[in-house]
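Below you'll find the structure, written out as structure tokens, and then a few comments.
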């Protein structure tokens, strides 16, 4: 298992969704452990109704193969390491 922090960019397909409607669990088999909102508030163990907006960070847990597949960095999102530096640009067919 790996845990990654993913920045949701404004205008991405996950901007203005919820944890449940984002499809992260269903499409990628990964679990959202927390949402750190742009205002600094962090929601641990978010419910399906918790909002995801551009500027938020998702703390996601999954198998290495799930988190490293080309689609996982999510469109218009980027993975970051703990220092906040981007580690992978986002691409999705």
- [ ] Compute the distance in nm between two label points, each set 7 Å from the Cα along the Cα-to-Cβ direction, one at residue 2 and one at residue 17.
- [x] 2.0 nm
TODO: Mind giving me the nanometre distance, one decimal, between the label points for residue 50 and residue 31, set 7 Å out from Cα along Cα→Cβ?
DONE: 1.3 nm
- [ ] Report the dimensions of the stretch 2-76 along its three principal axes from the alpha-carbon atoms, largest first, rounded to Å.
- [x] 31, 24, 19
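Read the figures in this text as sums done on the coordinates, not as results from a lab. Treat the numbers as computed from the prediction; the structure is a model and nothing was measured. A quick note on method: Cβ atoms are made from the backbone with ideal geometry, for glycine too, and the neighbour counts reach across all protein chains shown.
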